[in-house]
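*Asks:* Have a look at the structure that comes next, please.
The values are calculated or read from the model by the stated rules, or taken from the named source; none is laboratory data. On a predicted model such as this, the values are computed, not experimentally measured, just so you know. Glycine also receives a Cβ, built like all others from the backbone with ideal geometry; neighbour counts cover every protein chain displayed. When the accessible area is computed, the model is the full protein with side chains, heavy atoms only, and any ligands, DNA or RNA have been set aside. Shrake-Rupley method; radii C 1.70, N 1.55, O 1.52, S 1.80 Å.
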Amino acid sequence: MRLIDVLMQHDATGHSPRVSVDMLPDAETLDAGDPLRGKRTEFQLPAGSIYLDGNSLGPMPLAAAERAKAVVGQQWGQDLITSWNKHAWIDLPESVGEKIAPLLGAAPGQVICCDSISVNLFKLLCAALAMNPGRHKVLSQQDNFPTDLYVSQGLQQLLGGEHCELVSVEEDEIEAALSEEIAVLLLTQVNFRSGYAHDIERLTRLAHKKGILVIWDLAHSTGVMPLELDHWQVDFAVGCGYKYLNGGPGAPAFVYAARRHHEKLQQPLAGWMGHHNPFTFLPEYQPASGIKRFLVGTPPILSMSVLDAAMSVFADTDIAQIRAKALGLADFFAVRVLTNPALSSLELVTPKEHKQRGCQLAFTHEHAYAICQALISDGVIADFRAPSILRFGFSPLYLSYRDIEIALERLAKIMESKRYLDERFSQKNKVT
Ligand SMILES: *Cc1c(COP(=O)(O)O)cnc(C)c1O
């Protein structure tokens, strides 16, 4: 529950006149009691800005910048090719995977860092379909992140509809659509637009009852949501290195595959790095044992090294604390938006219940794009998602409650003055 107990069991309009922010602790008190407050010093953050977009591109950990210098200067610059051994470049996909694993609730040997989510989904979908012979349907959600749908559509075109058929339904139709006709359930835990969070454990259990394999996209989960993939018996998952893991633009993604499936897994992008013994240069492909068979080609060492270093900010953290603070920040923001008459035109589309949401909030407004641009020009970085969503991410390792308070003040000024109507805020950029 929370968002002060769903706005004291809100009234019929959804806005609660009975809730007053005076009833809540102030930002100073909350910051003083924040067990993660010291983490901020591990990041480089631009002065004067409040960064509410760490769910899209995490900011730079200082350790990442240092590693980038070392990899380019010493490792590539001086040690050249000997670095594959000397600096263990060759082990990075596995060693970074092992650093991500605890955040997923995964025992060792089941996570590997490689490629992008899109490419990893292609590999996993092929492998999962082959493991469920006699079935060919991939069930997903209409408003899933488009790349998940596109990869499925591409595979359908490649294999033919009789071997792969994407069936996408609305969020509330998923459970009813789980049937013995479905081979694979492909879902994203936290919806990138609405912030709605699926119950992975429940859906995985329901899918397994019907003999369906599950693939979870954890792009907006990894690093902020407590995950128990082993315990929940998840089959496969993918996630992102550049969002809450702060690995830098274009950082490689990861694959999780439950150990029980490893020896049956055949993925179609058979490349030399996934070979049983790449440096024997044999003409026949023989997959590596275990999770390494998901590797394809040479890993992007510059960006994988940076992600490796960025992971150090999680070393002494507790995911339960991270989640609690993310919800605390989001509630702090949402309660004040919902109770401020000046902000009443912003409609919260993210569920109010903690259990049903990730660590971002989405509001709709017909001028969402322009409001977002006006906020950015005032140093509050949020983002816009078509057609009309204003999205705020609450990454808890570097944000303070005071930051949220400042962001709210700037937002209220923009909304009160309607400054977003200024023409320059409506010019569309290529990336939103
Ligand atoms: C960001 C995101 C991706 C990104 O996919 P890439 O192929 O790594 O660019 C995929 N899925 C979801 C749900 C995302 O939010």
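*Asks:* Between the stretch 175-200 and the stretch 357-372, what is the C-alpha centre distance in whole Å?
*Replies:* Comparing the Cα centres of the stretch 175-200 and the stretch 357-372, I get a distance of 23 Å.
*Asks:* Over the Cα atoms of the stretch 213-285, what radius of gyration and what Dmax do you get, in Å?
*Replies:* Computed over the Cα atoms of the stretch 213-285, radius of gyration and Dmax are 15.1, 43 Å.
*Asks:* While we're here: Taking Cα pairs under 8 Å and at least six residues apart, what relative contact order does the stretch 92-171 come out at, in percent? Don't skip to the end; give the middle numbers.
*Replies:* On the way: 82 pairs, mean separation 21.0, N = 80.
Computed value for the stretch 92-171: 26 percent relative contact order.
*Asks:* With each run of n ≥ 4 DSSP H residues scored as -39500 (n - 2.57), what mean residue ellipticity at 222 nm is computed for the chain after dividing by its residue count and rounding to the nearest 500 deg cm²/dmol? Walk me through the numbers before you get to the answer.
*Replies:* Working: 13 runs with 140 residues, N = 432.
Calculated from helices alone, the mean residue ellipticity at 222 nm is -9500 deg cm²/dmol.
*Asks:* Also: Of Q44, Q360, Q157, which has the largest mean-square fluctuation in a 10 Å C-alpha GNM of the chain?
*Replies:* Q157
*Asks:* Within the accessible area of the stretch 88-314, what % is carbon and sulfur when the probe is 1.4 Å and the other protein chains stay in place?
*Replies:* On the stretch 88-314, the fraction of accessible area on carbon and sulfur atoms equals 54 percent.
*Asks:* Once you sort the root eigenvalues of the Cα gyration tensor of the stretch 88-314 as a ≥ b ≥ c, which label holds: rounded (a/c under 1.5), prolate (a/b larger than b/c) or oblate (the other case)?
*Replies:* oblate
*Asks:* Same structure again: Calculate the tail of P(r) for the stretch 253-293: the fraction of all Cα-Cα distances greater than 17 Å, expressed in %.
*Replies:* The answer is 29 percent, as a whole percent.
*Asks:* Run the dipole for the stretch 88-314 about the Cα centre, Lys and Arg Cβ at +1, Asp and Glu Cβ at -1, nothing else charged, and hand back the magnitude in debye, nearest 20.
*Replies:* 440 debye
*Asks:* Let me spell out the model: positive unit charges on the Cβ of Lys and Arg, negative unit charges on the Cβ of Asp and Glu, origin at the Cα centre of the chain. What dipole size does that give, in debye rounded to 20?
*Replies:* Working: 39 positive and 49 negative charges, 111 e Å.
For the chain, the charge dipole is close to 540 debye.
*Asks:* Between the stretch 287-327 and the stretch 217-276, what's the alpha-carbon centroid distance in Å?
*Replies:* The two parts, judged by their Cα centres, are 9 Å apart.
*Asks:* Further, regarding this structure: For the chain, what mean projected area does the convex hull of the alpha carbons give, in nm²?
*Replies:* If I average the Cα hull's projected area over directions, I get 22.2 nm².
*Asks:* Can you pick out the pairs among K99/K243; K86/K243; K325/K352; K123/K243; K352/K418 whose Cα atoms lie more than 25 Å from each other?
*Replies:* Result: K86/K243; K352/K418 exceed 25 Å.
*Asks:* I've got another one for you. Could you work out the relative contact order of the stretch 167-293, using alpha carbon pairs under 8 angstrom and six or more residues apart, expressed as a whole percent?
*Replies:* Relative CO of the stretch 167-293 lands at 16 percent.
*Asks:* Let me ask another. What value in Å³ per residue do you get for the convex hull of the alpha-carbon atoms in the stretch 323-432?
*Replies:* Considering the Cα atoms of the stretch 323-432, their hull volume per residue is 98 Å³.
*Asks:* Still on this structure: On C-alpha positions alone, give me the angle between the axis of helix 146-159 and the longest principal axis of the chain, in degrees, nearest 10.
*Replies:* Approximately 30 degrees, to the nearest 10.
*Asks:* Can you work out the accessible area per residue across the chain, with the rest of the protein chains kept in place, probe 1.4 Å, in square angstrom?
*Replies:* Result: 44 Å² of accessible area for each residue.
*Asks:* So, one more: Can you tell me which lysines have their Cα less than 23 Å from the Cα of K209? Leave out same-chain residues fewer than eight positions away.
*Replies:* Within the straight-line limit of under 23 Å, K209 reaches these lysines: K137, K264.
*Asks:* Principal axis extents for the stretch 236-392, Cα atoms only, whole Å, descending order, please.
*Replies:* Rounded to whole Å, the extents work out to 69, 30, 29 Å.
*Asks:* Using Cα springs under 10 Å in a Gaussian network model of the chain, which residue among L80, L346, L203 shows the largest mean-square fluctuation?
*Replies:* L80
*Asks:* If we count every other residue with Cβ under 14 angstrom of D199's Cβ, Lys/Arg +1 and Asp/Glu -1, where does the sum land?
*Replies:* With Lys, Arg at +1 and Asp, Glu at -1, the net is -2.
*Asks:* Still on this structure: Taking 8 Å as the Cα distance limit and 6 or more residues as the minimum spacing, I'd like the relative contact order of the chain as a percentage.
*Replies:* Over the chain, the number comes to 23 percent.
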